[in-house]
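Here the structure is laid out as structure tokens; the discussion comes afterwards.
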Amino acid sequence: MGSFLLLITLGTLGLKFLPGLRTAEALSFTDSLFMTTSAVCVTGLSVSDLATEFSLGGQVFMLVLVQLGGLGMLAFTSLLIQVLGFRLSLGAESLTYEAQRGAPTVNVRHLTRDVVLYTFMIEVIGAIALMIAWGPRDGIDQAWWPSVFHAVSAFCNAGFSTHSDSLMGFQSSPMTIMIVSALIIAGGISFVTMEELWLSLRTRKRTRPHRLSLHSRLVLCVTAILLIVPWPMFAAFEWYGTLNEMSLVDKFFNSMFLSVTPRTAGFNTIDYAAASDSTNFLTILLMTVGGSPGSTAGGMKTTTFALVVLMAWSRIRGHETTLFANRSIPSDTIQRAIGLTVVAVSLMAIAVFALAITDEVAGQRGHFLTRMFEAVSAFNTVGLSMNLTPELSYCGRLVTIVLMFVGRVGPLMLASALVIGRGHRGHFRYAYEDVAIG
């Protein structure tokens, strides 16, 4: 938490006082804090146009903050696993099991090094692919920097763009949509899952190939479901709306992108302010789930959402334990998933309420769904907006800053507390007494 605060502080001061970062007038302190927090927390909400109001140096400055913020979360998550995984004392044995049981075959001592390696390797491949896609149209000299910027921004799930309309100018470029989608998904499935996929691929010809852990299988399964199921729904909702003027092929790829980008990426190929309420509410639900644990994405996390659904389904079928892929999931893991869900939903409700109050006090009345969309996007570090961000009041911007920060570091802190708390259980309990429900 302290490292993120330090990075935000340094970034705010740099954006405010360093010369040559802006082509327009200097930002106020609040707006500098907003832009820096959005970059460090890889959110992508913006009160200033990065394409027209920032110089090349300013864009580089913002991209460095995005990279440090995205890589920082991966590195600190990995560091947490290492700290909990090292055998520091006999009292830490329970924490060792807790930290490594998600993917016991992954070498935690090499985790941080490999996180950095994977990050830069994927970003370089993404930048080259985008350069190939954009080079013929814009020329290599004009395409190289946007390619690098969007590759880093997409993998870090930040959503910042060097284009004023994000990716709306690439509605008719399936190659661009596929490349950016691949980067977003790679950044959102977590390093541990990528590492296991690589081990599985590398050992596929052996007598005993690497078996994916239950964690990775759950991540891949839920990710696929949340990408495939909303896809035709978005197409149906927007077929005669924001997708109406597109060709059949473009409708196919743009509706797919509508399913990809809410996973906390923040890029858009349509104007969400012009989209239907059905599209925007479905987007809110996807933003709430977010990406996977240990990734650059925010949100409640795919595994948390899956465990709550699996628990409910198991109870409906009369099973005492929660089952997936012929495995029983420990009850304490289920209880932590429920706790994280309750806290996340409660905080989002408070966020929507706070944003509505601050803007109403400032005399800015608007559609409730617009406020809800903005608050959920900020808390889950998504970066999508129904064009409300530049119009936020002073208090509304402060609330959004807090939401972005809490949404970025809060889940990791809460998960850490829940894990560490297992080592401090008492040796007694109070008497049971039942409560009626339903």
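The values are calculated or read from the model by the stated rules, or taken from the named source; none is laboratory data. If you're wondering where the values come from, they're calculated on a predicted model, not measured in any experiment. Backbone-built Cβ (ideal geometry, glycine too); neighbour counts: all protein chains shown. Just so you know, the surface numbers come from the protein's heavy atoms only, side chains and all, with ligands and any DNA or RNA stripped out. Shrake-Rupley method; radii C 1.70, N 1.55, O 1.52, S 1.80 Å.
Here are some notes:
- Each Lys and Arg adds +1 at its Cβ and each Asp and Glu adds -1 at its Cβ; summed about the Cα centre, the chain shows a dipole of about 1940 debye.
- For Lys301, distant residues with modelled amide H under 5 Å away: Gly290, Gly291
- For segment 27-40, backbone phi angles converted through the Karplus equation (6.51, -1.76, 1.60; θ = phi - 60°) give residue-by-residue couplings of 6, 5, 4, 5, 5, 5, 5, 4, 5, 5, 4, 4, 6, 5 Hz, Gly and Pro being listed as x.
- The slack between Glu245 and Ile140, meaning 0.36 nm per residue of separation minus the straight C-alpha distance, is 34.8 nm.
- The chain: translational diffusion in µm²/s, Stokes-Einstein, Kirkwood Rh over Cα pairs, 37 °C, 0.692 mPa s: 145
- Whole-Hz couplings from phi, Karplus 6.51/-1.76/1.60, listed for segment 131-146; x for Gly and Pro: 5, 5, 6, 9, x, x, 7, 9, x, 4, 5, 9, 8, 5, 5, x
- Built amide H within the under 5 Å cut-off of Phe54, gap 5+: Thr23
- Within straight-line reach of Lys301, meaning a Cα separation under 29 Å, sit the following lysines at least 8 residues removed in sequence or on another chain: Lys251.
- Förster radius 25 Å - calculated FRET efficiency between Phe120 and Thr30, Cβ distance, rounded to 0.05: 0.15
- Prolate/oblate/rounded call for segment 230-382, Cα gyration tensor, a/c under 1.5 rounded: oblate
- Take the convex hull of the alpha carbons in segment 157-266; its mean projected area over all directions comes to 8.2 nm².
- Sorting 23-32, 345-354 by their mean Cβ neighbour count within 10 Å, with the most densely packed peptide first, gives 345-354, 23-32.
- In terms of the mean number of neighbouring beta-carbon atoms within 10 Å, the peptides 228-237, 321-330, 267-276 order highest first as 267-276, 228-237, 321-330.
- The calculated FRET efficiency for Asp49 paired with Leu197, based on their beta-carbon distance and R0 = 35 Å, is about 0.40.
- Nearest-0.05 FRET efficiency for Phe281 and Ile338, computed from C-beta distance (R0 30 Å): 0.80
- Close amide H partners of Phe324, meaning residues 5 or more places away or on another chain with modelled amide H under 5 Å apart, are Ile329.
- Once the Cα-Cα distance is subtracted from the 0.36 nm per residue extended length, the Leu13 to Asp165 segment shows a gain of 52.0 nm.
- Residues Trp313, Trp145, Trp134, sorted by accessible area with the largest first, give Trp313, Trp145, Trp134 [1.4 Å probe; ligands and nucleic acids excluded].
- Relative contact order (percent, whole number), the chain, Cα cutoff 8 Å, 6+ residue spacing: 18
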